[in-house]
Amino acid sequence: MNEKISWIFPIKGVTESISTQTLFHFKSKCRDKWEDEIKIGLQEIDQSLQADDKFELGSVPVDLHQMILKCFSVKCTKNQLNNPPENLHYAVRFSPMKPFKEVQNSLYKIILEATPPDEDDVIIINSPLNKTTNVSFKLTNKTKNYAKFFAGFTPDSDAEFSIIPKVGDLEPYGREGTTFVISFTPIECKLTIQTVEMYWSYIIKGILTKICTTSNQTFFY
């Protein structure tokens, strides 16, 4: 028996209007909240319509995906076009907690940019000449969960500073806190501590202070 077999596949065509220019550049300092309403016009539309109220980002890097989902949201507030010249309205909220910059090259090109926050504190270390001095402080995560962290100095920092631990688990909010020890040997540097979702920074200043100077001696404390 020789029967013919056929497969049927439904096909739906969707017209896409791709923009090559940057439509929006959302920029905010970490720990600040940026909120605004944006308007998007649909080119080549010659009739009224009700648009889909969904707004999705294109392919987001794996290391930024969860962080962007938590800090960036878009909600459609007007998806009905009664006349072609009208715009769709979207309420945008951007409240980053860690610096990053991401360029989305999907149907609409947008840029998400989170700039570093103000320094959390200034730590001043006094040290005698040729002697290493240590100072310690404690830090907890912003949530009640442990978080992997990396601690290190920015590239422009002086080599006289060191930090321990450099990697580990940051204790959750409500606990005693993870202890960090900064060592200084007699100058200024910037310390950063980062988890997947958070970013802290500290200005570290090492001071070698003169008490008095004689013709052949200088005393420090």
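Every read-out reported here was derived from the displayed coordinates using simple, explicitly stated rules and does not represent laboratory data. Everything numeric here is computed off the predicted structure, so don't read it as measured data. Every residue, glycine among them, receives a Cβ derived from its backbone with ideal geometry; neighbour counts consider all protein chains shown.
Things worth noting here:
- Calculated from backbone phi, Karplus (6.51, -1.76, 1.60) coupling profile of segment 194-204 in Hz, x at Gly/Pro: 10, 10, 4, 10, 10, 8, 10, 9, 9, 7, 10
- Three-way shape call for segment 106-188 based on the alpha-carbon gyration tensor, with the a/c threshold at 1.5: oblate
- On the beta carbon distance between THR132 and GLN66, with R0 = 30 Å, the FRET formula returns roughly 0.15.
- For segment 61-72, backbone phi angles converted through the Karplus equation (6.51, -1.76, 1.60; θ = phi - 60°) give residue-by-residue couplings of x, 4, 6, 10, 4, 5, 5, 5, 4, 7, 9, 10 Hz, Gly and Pro being listed as x.
- Residues listed by number, segment 84-106, amide nitrogen under 19 Å from LYS27 label point at 7 Å toward C-beta: 92-105
- With each label modelled as a point 7 angstrom along the Cα→C-beta vector, the ASN105-GLU86 pair spans 3.5 nm.
- Extension gain from ARG93 to ASP156, taking 0.36 nm per residue of separation minus the Cα-Cα distance: 19.3 nm
- Net charge in the neighbourhood of VAL92 (other residues with Cβ under 13 Å of its Cβ; Lys, Arg +1, Asp, Glu -1) is +2.
- Taking a straight line from the alpha carbon of LYS27, these aspartates and glutamates sit under 20 Å away, with near neighbours fewer than eight places off in the same chain left out: GLU35, ASP36, GLU37, GLU56, ASP63, GLU102, GLU113, ASP118, GLU119, GLU197.
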